Amino acid sequence: MQLIDGKQIASEIKKEIFEEVEQMKAEGKKVPHLAAILVGHDGGSESYVAHKIKDCQEVGYTSTLIRFEEDVTGEELLNQVEVLNNDADIDGFIVQLPLPKHIPEQKVIEAISPEKDVDGFHPVNVGRMVLGIPSFVSATPFGIVQLLKRCGIETNGKNCVIIGRSNIVGRPLSILMSHKNINATVTVAHSRTKNLEEVCHQADILVAAMGVPGFVKANMVKEGAVVIDVGTTRIPAPETKSGYRLKGDVKFDEVAPLCSWITPVPGGVGPMTRVSLLLNTLQAAKNKNRYV
Ligand code: GUN
C-alpha cells in the first residue's frame, strides 16, 4: 500500500507557483489577485477562507477579503459581485458557500463573470469543462486529477466508481475521468444505487465523496484498488488546537491494507483542493496577460 501524500504534492505545486510569481515580478507583470466574499461567521467557512488567504500570501499573490454580515441582502451581494467583475485589478474571485437561505445562491454564482470564476461554478465553466475546452474546473475534482497524474497512477481503461453526485465534486469529477486524457470507465453511485457494495467492489479507482464519515468499509473495496477519500466531516475534539478533527468517508484502518494507493484524511485531497484554487487564479491572471 502506498500513501498518496496530498500535503507533499500540494507543497511542491505551491513552490512551482511561487517561482512563477517571482518570474512574473521580475518581468514587471502584475501578480495574481484573488478576492473572496465571506458572508456571516460559520466556523467552517471562516476557516476555509482564512486558509485561502494564507495560501495566497505564501505564493506571493495579492488577496482581498470582503465580509458581509448574515443579514446582507441578495441585492447588496449581487452589487458586490458586479464591482469585482468590473475591477481590473482582480483576476479572480470566489463567493464562499453555503450562503444564508434568503440569498438566491445560484443567481449569485451566475452573476460572476466566467473569466473571473476561479471556483469553476458558473454554468459557462461547467459547460466548457464538459466539452473539454479551456475552463476553470472546480477545485476538488481538479485536485484529484492532479493527484492521480503526479502519482503516476494508471487510469486508461480503469473502472472508476465515484460515490456522490454533488455539483462541486462527484458530477464534475465523473466528466473529467471520462475525458480522453484520462480514459476511465466511470460509474456515478449515489444514495439510490442498488447493490452499492457490489458496484464499489468493481472499482479500480474508488472515490468516496458523499460526506458520510467512515462509510466505505473493507468489504466494498477490491484488492489492489486506488481509494480517494474526499470526506472532511468535522468532529468536535476539544483537546485539539482547532477544536475539531477531520474524518474521511473511508474507514482507513481496515481499507488501507487492501489498496495499492490511498489518500489519508487529513493530508490527502484537502491540500490539493486548496492548491487548485491557486492554479485557477494563476490561469485567470495569465488569461488577462496584463502588464503594469
Ligand atoms: N464551500 C465548500 N467548498 C467550497 C468551494 O470550493 N468554493 C466555495 N466558494 N465555497 C465552498
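The values are calculated or read from the model by the stated rules, or taken from the named source; none is laboratory data. Quick caveat: nothing in here was measured; it's all calculated off a predicted structure. In this analysis, Cβ positions are derived from the backbone assuming ideal geometry, glycine residues included, and neighbour counts consider all displayed protein chains. Note: areas computed on protein heavy atoms with side chains; ligands, DNA, RNA excluded. Shrake-Rupley method; radii C 1.70, N 1.55, O 1.52, S 1.80 Å.
Looking only at residues of segment 46-56 that are open to solvent by 10 Å² or more (accessible area, probe 1.4 Å) and either of a type outside the set (S, T, N, Q) or within 24 Å of Asn85 (Cβ to Cβ) (or both), we find that the one that is nearest to the ligand (Cβ to nearest atom) is Tyr48.
Report, by residue number, each residue of segment 138-179 that is within 14 Å of the ligand (Cβ to nearest atom), assigned to a loop (DSSP other than H, G, I, E, B) and open to solvent by less than 20 Å² (accessible area, probe 1.4 Å). Ser138, Gly164, Val169 - these are the residues of segment 138-179 that are within 14 Å of the ligand (Cβ to nearest atom), assigned to a loop (DSSP other than H, G, I, E, B) and open to solvent by less than 20 Å² (accessible area, probe 1.4 Å).
Can you tell me which residues in segment 235-292 are of a type in the set (S, T, N, Q) and over 30 Å from Asn125 (Cα atoms)?
Taking segment 235-292 first, the residues of a type in the set (S, T, N, Q) are 240, 242, 260, 263, 273, 276, 280-281, 283, 287, 289.
Within segment 235-292, Thr240, Ser242, Ser260 meet the criteria.
When Glu115 is tested against (1) open to solvent by 60 Å² or more (accessible area, probe 1.4 Å); (2) over 19 Å from Ser276 (Cα atoms); (3) more than 16 Å from the ligand (Cβ to nearest atom), only condition (2) is not met.
Could you check, for segment 186-198, whether at least one of its residues is closer than 18 Å to Ile153 by Cα, more than 18 Å from the chain's Cα centre (by Cα) and outside any helix (DSSP H, G or I)? Explain how you work it out, then say what you get.
Filtering segment 186-198 down to residues closer than 18 Å to Ile153 by Cα leaves 186.
Narrowing the set further to residues that are more than 18 Å from the chain's Cα centre (by Cα) leaves 186.
With outside any helix (DSSP H, G or I) added as a condition, the list becomes 186.
Looking for residues that are closer than 18 Å to Ile153 by Cα, more than 18 Å from the chain's Cα centre (by Cα) and outside any helix (DSSP H, G or I), one finds at least one in segment 186-198, hence yes.
Quick check on segment 85-99: of everything there that is of a type in the set (A, V, I, L, M) and within 13 Å of the ligand (Cβ to nearest atom), which residue is surrounded by the fewest Cβ atoms within 10 Å (Cβ to Cβ)?
So the first thing to find is which residues in segment 85-99 are of a type in the set (A, V, I, L, M), and the list is 88, 90, 94-95, 97, 99.
From the residues that got through so far, the ones that are within 13 Å of the ligand (Cβ to nearest atom) too are 94-95, 97, 99.
Numbers: Ile94: 25, Val95: 25, Leu97: 14, Leu99: 22.
Here the answer is Leu97.
Pick out the one residue from Ser178, Ser113, Ser138 that is in contact with a Gly (Cβ under 7 Å, 6 or more places away or on another chain) and on the phi < 0 side of the Ramachandran plot. Even if it seems obvious, please write down each step before you answer.
Working: Ser178 fails: in contact with a Gly (Cβ under 7 Å, 6 or more places away or on another chain); Ser113 fails: in contact with a Gly (Cβ under 7 Å, 6 or more places away or on another chain).
Matching residue, one of Ser178, Ser113, Ser138: Ser138.
For segment 51-84, a tally of residues being under 25 Å from Glu19 (Cβ atoms) and either free of Cβ contacts under 8 Å to residues at least 24 places away in the same chain or among the polar types (S, T, N, Q) (or both) returns 6.
Taken over segment 126-137, the criterion of being part of a helix (DSSP H, G or I) and within 15 Å of the ligand (Cβ to nearest atom) is satisfied by Val126, Met129.
All of (1) within 16 Å of the ligand (Cβ to nearest atom); (2) open to solvent by less than 60 Å² (accessible area, probe 1.4 Å) hold for Ile182 with one exception: (1). Restricted to segment 6-42, and to residues there that are of a type in the set (Lys, Arg) and farther than 30 Å from Val83 by Cβ, the residue that is least open to solvent (accessible area, probe 1.4 Å) is Lys15.
Between Arg234, Arg290, which is modelled with pLDDT under 95 and under 21 Å from the mean Cα position of the chain (by Cα)? Just one listed residue meets the conditions, Arg234.
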